[in-house]
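Throughout, read-outs are computed from the coordinates displayed, never taken from laboratory work. All values reported here derive from a predicted model rather than from experimental measurement. Backbone-built Cβ (ideal geometry, glycine too); neighbour counts: all protein chains shown.
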Amino acid sequence: MNDGTSKTTARTLDRAWHIGVLEDDAQLREGIILPGLRYFGFQVTGAGSAAELYRHMLSRRFDMVVLDIGLPDESGLNVVKHLREISTLGIVMLTGNTGMDDHVMALTRGADAFLNKPVNIEVLAATLHSVARRLAGAPGGGGPVAPSAGLGRWRLDTDDWCLVTPGGQALPLTAPERCILRVLMAVRGEPVSREKLISALTSDIYEFDPHRLEMMVHRLRRKAQDAAGQPLPLLTSRGQGYLFTSD
């Protein structure tokens, strides 16, 4: 997750999906899951117990909830059953157990997805975006609705927090990756200078190492190639910067 951009500020954050994270391990919740999901564009609120999550729900609206099965005050399986009875929230379950019984029970009680711990944050972000697309398409679904235009080509989706391949696979983007692609795809086929991309990433361009931009572009290309089996049309324009072709 760390690509050397921790000191930059991506200034393109719009309305984000609001996620409640119910995990009683404070170090895992506050040190890994919450900052990790924020980096992938989600608004997050943490809770260490079922009672704390329910209190949060009295004063704010969640789009989705990530919750562990093992909790100090109530079984996570009971929590998912209760949430499904009273809401249409997206629900992603986490567990350290490797057996199948918990998986089956969680999905039977209404969970949308089930992941084993230790969870990879990028996999969790991709799972949440997948659930988000279901919610956006459901009657009364809230949040940013994914556009249908541009099918069959590289495009941004779920309020530009996913890069969608021509084959329809959605890749979750970090805040800096989203920022770069938004600038480039807004002027498809035209080169964008490195200076302009850097100024979109940070308010202090003189403290930004240009090699970080190269690293981010390299990671984007590799991520797209691995997922789609074809190169991302993000090209280097000699002496000018980068351009995203009109593919």
Among the lysines in the chain, how many pairs, 8 or more places apart or on different chains, have alpha carbons under 26 Å apart? 5
Quick one: which of 152-160, 190-198 comes out on top by average Cβ neighbours within 10 Å, and what's the full order, highest first? 152-160, 190-198
Please compute the Kirkwood hydrodynamic radius over the stretch 28-108, one decimal place, Å, based on all pairs of different Cα atoms. 13.4 Å
At R0 = 41 Å, FRET efficiency that the Cβ-Cβ distance of ARG84 and ALA227 yields, to 0.05: 0.85
The chain, dipole about Cα centre (Lys/Arg Cβ +1, Asp/Glu Cβ -1), debye to the nearest 20: 800 debye
In the chain, with Lys and Arg counted as +1 and Asp and Glu as -1 at Cβ, which of these residues, CYS179, GLN240, LEU156, has the Cα nearest the positive end of the dipole, that is, farthest along it? GLN240
Taking a temperature of 25 °C and a viscosity of 0.890 mPa s, what whole-number D in µm²/s does Stokes-Einstein yield for the chain with Rh from Kirkwood over alpha carbon pairs? 128 µm²/s
Rounded to the nearest 20 debye, what is the charge dipole size of the stretch 20-109 about its Cα centre when +1 sits on each Lys and Arg Cβ and -1 on each Asp and Glu Cβ? 400 debye
Ranked by GNM mean-square fluctuation in the chain (Cα springs under 10 Å), the top entry among ARG60, ARG29, ARG212 is ARG60
Can you check what the net charge comes to around ASP25, using other residues whose Cβ is under 12 Å from the Cβ of ASP25 (Lys, Arg +1; Asp, Glu -1)? -2
Please compute the Kirkwood hydrodynamic radius of the stretch 171-236 from all pairs of different C-alpha atoms, in Å with one decimal. 12.5 Å
What helices does the chain hold that run 18 Å or longer along their axis, going by alpha-carbon atoms, with a Kyte-Doolittle average of -1.0 or more, using DSSP H for the helix calls? 121-137
